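J.: Below: one structure in structure tokens.
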Amino acid sequence: MNNNCPQVKVCGLTGVEEAIGCADLGANAIGCVFFPKSPRNLSEIQAKEISMALPSEVKTVGVFVNESFSNIMHKVEFCRLNAVQLHGQESPELVRRLQKENLVVIKALFTEGNPTLDEAEKYEASAFLVECGKGVLPGGNAIEWDWEKVKSFGNKYPLILAGGLAPKNVFNAVSVSMPDAVDVSSGVELGPGQKDLGKVKSFLKAVSICKIEKNFRKIF
């Protein structure tokens, strides 16, 4: 990926070969979901294998929902994670504690859920992942939404756009919201946790041709 377009995180990986494939295609970060109710939940061993197989420039992000500091840090150390994504109702204090551990700390906010975009100033996060928050489970739930709503938010804060993104719509989503990074999961899958590398390639290509006059922040 070039420096004149958003970075890309491919989330919900469960296998080493697919994670390496995504990295080889140009993904900047790989997401590992640690949430038992998620169909993409994986074990610590699986996450460690993925993390150890990736090149150093591709970051491994652990995705957590309302986990304690000690549980998160155990997985960070065991699985060799570079970043954490907090996708529940975590406190600003937890974000601050994790920031002190030399991690990239991403806090999820929601346009139609809690915490809302208006609460961003409470958190000292490295970046904010924003999606609509309509689904049954934490995450985008493949729901498309009005991505343009977060354009002004991204002018103020490092922004990762998520929710309903796929090869067919990511060019438009980036054009109207101008995020620093995009996050995709179900939009490039054959099934939960099983990525289609052809779709990943198409997604990355669509992002790479977004020519936008913006100084993109590096998140990963």
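J.: Can you tell me how many residues within the stretch 95-126 are among the hydrophobic types (A, V, I, L, M, F, W, C), buried (at least 21 other Cβ atoms within 10 Å of the Cβ) and within 21 Å of Trp145 (Cα to Cα)?
T.: Selection size over the stretch 95-126: 3.
J.: Please find, within the stretch 66-94, the residue that is nearest to the chain's Cα centre (by Cα) out of those that are under 13 Å from Leu129 (Cβ atoms) and buried (at least 19 other Cβ atoms within 10 Å of the Cβ).
T.: The residue in question is Gln85.
J.: Give me the residue from the stretch 179-208 that is free of Cβ contacts under 8 Å to residues at least 40 places away in the same chain and of a type in the set (A, V, I, L, M) and, out of that set, surrounded by the fewest Cβ atoms within 10 Å (Cβ to Cβ).
T.: The selected residue is Leu190.
Every number here is computed from the coordinates shown, using simple stated rules; none is lab data. This is a predicted model, so every value here is computed, not measured. Note that each Cβ is placed from the backbone with ideal geometry, even for glycine, and that neighbours are counted across all protein chains shown.
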